[in-house]
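Have a look at the structure below, then the notes.
The values are calculated or read from the model by the stated rules, or taken from the named source; none is laboratory data. Computed from a prediction, not measured in an experiment: that's the story for all the values here. When we count neighbours, we look across all protein chains shown, and the Cβ atoms used for this are built from the backbone with ideal geometry, even at glycine. The area values use the complete protein model at the heavy-atom level, side chains included, leaving out ligands, DNA and RNA. Shrake-Rupley method; radii C 1.70, N 1.55, O 1.52, S 1.80 Å.
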Amino acid sequence: MSGAHFRCFFFTLTATAALFVARGHSQIADEHRTFLYPYSLPAVDQGLMSDVAVTLDRAAGSTYVPGRVIVKFRDGASTTARIRSLSLVSATTAVSERPSYANFDLVRIDPSDDAEAVADVLRQRPDVEYAQAAYRVHPLMVPNDQLYGIQWNLPMIDLERAWDIQGAAGSSVTVAVLDSGVAFQSAVVRFNGRAFRDDLGNLHPALGPVDIPFAAATDLFSSSRFVQPHDFIWDDNLPLDLDSHGTHVSGTIGQLTNNSFGTAGVAFNVKLMPVKVIDSDWDDIFGAPNQGTDDVVARGIRYAADNNAKVINMSIGRTGPPSPVVEDAIKYAVGKGAFIVIAAGNDFEDGNPTEVLAEIASRVQGAVSVAAVDRSKGHAYYSSAGSWVELAAPGGAARVFGRDGLVFQQTIDLRLGTSLVEPRACGVPASFAVPRFDVFMFFGFQGTSMAAPHVSGLAAMLVQQGITNPAAIEAALERFATDLGDPGRDNLFGYGLVEARDTLRGLGLAR
Amino acid sequence: MRRVGVLMCAVCSVARLSAQPSAPGTSPDRPPAVQVRPFVLAAEQRFAAATTFNAAFGSRLAPFYGGGVQVATRRGFYVDLAASHLDRPGQRAFVSNGEVFQLGIPLKISLTPVELTAGYRLKRSRRSRLVPYVGGGVGWYKYRETADFASGDEHVEATHAGYFVVGGAEIRIQRWISAALDAQYTVVPGILGLSGLSKEVGENDLGGVAARIRVILGR
């Protein structure tokens, strides 16, 4: 992908909508879409966005703990023979007290000695049954997904060891994704493309009736994966993603994992409830009856809570006046046992205004607002800061780390799905071809939108583990977060970076 | 129970040694100047770290089993050396606003006190069957905590000194067998309170109040 294209899609994510849809048309019957076929051609997977080096940083081979060797002497080997064998290795060797549940001994050697060489020498002795270095054992749950190596964000929150604790990762938990929809179903839908005006003032002619293909994201869909989908923009049960944002966010929460394909997700067995509360530019061009306003968001929250979502991810936000209708809905949902995660905002360098929805979360026990950190656990330059920030999670930042610093998940191929947005940022003349939403790529995004689903996935794992009280989930996430920035809670990172393994593992009496 | 059985055998063996016939010229009822009296004990301890123990185990009560030996003088002074042991499975947890949330991660603690007691037995008469006693002492408390999914350095193994007072009464059941019931108040600083749940809730004493019963062989 060229730099111009990259800037294009990045800009679409972080800027406010800059497309003006000509609404001069009368309210006509064909304003609404028609669901033509339940499936389209198979989805096309384009792989990884170009120019990203895939580096699997897990070195092959084994490493061992220096300073000791594991030895099993043969039954009947005399103490004298054992001492003689050990003295051959070094004068400083000594046998430690035999550990519990062991039929072998741990031999202490000089830490500077090569433990493998020492073991080789000992193995030659007739009184030694076996000898080996104390090789480090790694968690078994390192996903085999092809692109896992570029997902710096998941190991950052110690997710591999968390998966060891809870391999199920939320299989009985539903996470609602209140967003631009999700690529959750294959379909062909007939829309009526209306004339519209872009932000340069250019009027673009109506596309007329167009049949748009959709497909379920190949690294997201599985049977029984999606439950109770609903679209509050089109007022039906087909919350298709005409943007890419909601599909990417859903990937962070529950991308299919350990399937030797694509990327991994946090709570990869979780059930997803796509709830569309945000309209994309294409939704507007196609004449969606509703837009992503406070009332729509509030209805989406209530819908998710009423349909047994245990976690609600809201990678959405706005600034401006308060929103009592959303606050009321958030309190309602928390009261019904749903834990709510809200992105803290991307406007740090744009005056850092108060994020209204995130600010509500900070006042409700059982809802959290999430700031973003970059690849070095530093404050992501865009991540809004304020009293409302409660937690931090990886959100990525391309400014510092280039594309390797982004959060990668599968989503709609932006070149085909949303290419009309921001022609200026793309640096190319606008090209308003009919979009298609059945082609997917693994794209890197950045934003607190990307940070929030890490927390939602982790919350789902906590729910799976039996912590169902939203206030308790918030308390656990905050208690076990790694403090960043100023000691204690601060406005950049809140209580700190979420820590998956420690959160799931809790505390013992003395440690 | 098996451990208790082994201890009983050991006690009986030692008892046979101390229960030798009296020396010629001494009264058969008159105990020797110094007696070695082995015993087995069972105790139920109510831990002082209530929130910590309730969070991990659902209860602050836990049983100890052990045994020891007492050296008692005819004048009433005595010294005990006792060892006991507690094993307890529980769960890792966290506490929020006073509410406990268990996480289903298995946890196991063991506590092995070795206690040295000095005290006085208030024997009112030679024929009295009831002997009150008081004492106090110092102990070494070996604590071990393990949990699933722990890396090597996350297990806890610590030994710390503590101190205690004890008071109770011994009743002679047979000529060579007595039962002692007492209460012991123990303070064990230095193990809890540094990390984990105990630090979270501000509890730093691994001691508590124990109700103990001992079966003692000897007069």
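Probe 1.4 Å, all protein chains in place: accessible area of residue A:489 in Å², nearest 10?
80
With respect to the cross-link table entries A:377/B:199; A:310/B:199; A:276/A:377; A:271/A:336; A:271/A:331; A:310/A:377, which display a Cα-Cα separation exceeding 20 Å? Could the numbers behind the result be given before it?
Numbers: A:377/B:199 27 Å; A:310/B:199 31 Å; A:276/A:377 31 Å; A:271/A:336 18 Å; A:271/A:331 23 Å; A:310/A:377 28 Å.
Those over the limit are A:377/B:199; A:310/B:199; A:276/A:377; A:271/A:331; A:310/A:377.
Please list 3J(HN,Hα) in residue order for the stretch B:198-213, calculated via the Karplus relation 6.51 cos²θ - 1.76 cosθ + 1.60 where θ = phi - 60°; whole Hz, with x for glycine and proline.
In residue order, the calculated couplings are 4, 5, 4, 9, x, 10, 10, 10, 8, x, x, 10, 10, 9, 10, 10 Hz.
What do you get for trypsin sites (Lys or Arg not before Pro) in the stretch B:143-175 restricted to DSSP loop and a cutoff of at most 12 other Cβ within 10 Å of the site's Cβ? Intermediate values should be presented prior to the final figure.
Details: sites: B:144, B:172, B:175; in loops: B:175.
Sparse-neighbourhood loop trypsin sites (Lys or Arg not before Pro): B:175.
Taking the full set of protein chains and a 1.4 angstrom probe, give the accessible area of residue B:163 in square angstrom, rounded to the nearest 10.
The accessible area of residue B:163 comes to roughly 130 Å².
Grab the Cα-Cα distance for residue A:206 and residue A:486, subtract it from 0.36 nm times how many residues apart they are, and report the gain in nm with one decimal. Don't jump to the answer; show the numbers that get you there.
Values: separation 280, 0.36 × 280 = 100.80 nm, distance 5.40 nm.
Gain on extension, residue A:206 to residue A:486, equals 95.4 nm.
Which of B:127, B:88, B:74 ends up with the largest GNM mean-square fluctuation for chain B, with Cα atoms connected below 10 Å?
Of B:127, B:88, B:74, the Gaussian network model singles out B:127 as fluctuating most.
Report, in whole Å, the centroid distance computed from the Cα atoms of the stretch B:131-200 and the stretch A:182-220.
73
Counting Lys and Arg as +1 and Asp and Glu as -1, what is the net charge of the other residues whose Cβ lies under 14 Å from the Cβ of residue A:456?
On the way: positive: A:271, A:310; negative: A:179, A:390, A:474.
With Lys, Arg at +1 and Asp, Glu at -1, the net is -1.
Magnitude of the Cβ-charge dipole of the stretch A:110-193, K/R +1 and D/E -1, about the Cα centre, nearest 20 debye?
Here the stretch A:110-193 has a charge dipole of around 660 debye.
5 Å is the cut-off here: which amide hydrogens, built 1.01 Å from N in the peptide plane, fall below it relative to residue A:272, excluding neighbours closer than 5 in sequence?
A:175, A:226, A:227
Starting from the 7 Å offset along Cα-to-Cβ, what nm value, one decimal, do you get for the label separation of residue A:123 and residue B:146?
2.8
Sort A:49, A:141 by accessible area with a 1.4 Å probe, largest first.
A:141, A:49
Please compute the average number of Cβ atoms from other chains found within 10 Å of each residue's Cβ in peptide B:94-107.
Neighbouring Cβ atoms belonging to other protein chains average 6 per residue here.
Excluding residue A:339 itself, calculate the net charge of residues whose Cβ lies under 14 Å from the Cβ of residue A:339, where each Lys or Arg counts +1 and each Asp or Glu counts -1.
0
What's the extension gain from residue B:71 to residue B:169 if we count 0.36 nm per residue and subtract their Cα-Cα distance?
Difference between extended and current length: 33.6 nm.
For a quick check of your reading of the filter: which GluC sites (Glu not before Pro) in the stretch A:309-361 sit in a DSSP loop and have no more than 12 other Cβ atoms within 10 Å?
A:349
Using the per-residue mean of other Cβ atoms lying within 10 Å as a proxy for protection, in what order, highest first, do the peptides B:179-185, A:268-274, A:282-288, A:185-191 fall?
Ranked by mean Cβ neighbours within 10 Å, highest first: A:268-274, A:282-288, A:185-191, B:179-185.
For the stretch B:145-192, what is the charge dipole size about the Cα centre, in debye to the nearest 20, if Lys and Arg each add +1 at the Cβ and Asp and Glu each add -1 at the Cβ? Walk me through the numbers before you get to the answer.
Values: 2 positive and 7 negative charges, 124 e Å.
That gives the stretch B:145-192 a dipole magnitude of about 600 debye.
With springs connecting C-alpha atoms under 10 Å apart, model chain B as a Gaussian network and identify which of B:51, B:112, B:146 has the largest mean-square fluctuation.
So, out of B:51, B:112, B:146, the one fluctuating most is B:146.
So what's the net charge close to residue A:229: Lys and Arg +1, Asp and Glu -1, counting the other residues with Cβ under 10 Å from its Cβ?
-1
Checking a compactness column here: for chain B, what do you get for Rg(Cα) / (2.2 N^0.38 Å), N being the number of residues?
In units of the globular-protein estimate, chain B measures up at 1.17.
Positive end of the dipole of the stretch A:252-309, charges at C-beta (+1 Lys, Arg; -1 Asp, Glu), about the Cα centre: which of A:297, A:256, A:278 has its Cα farthest in that direction?
Value computed over the given set: A:256.
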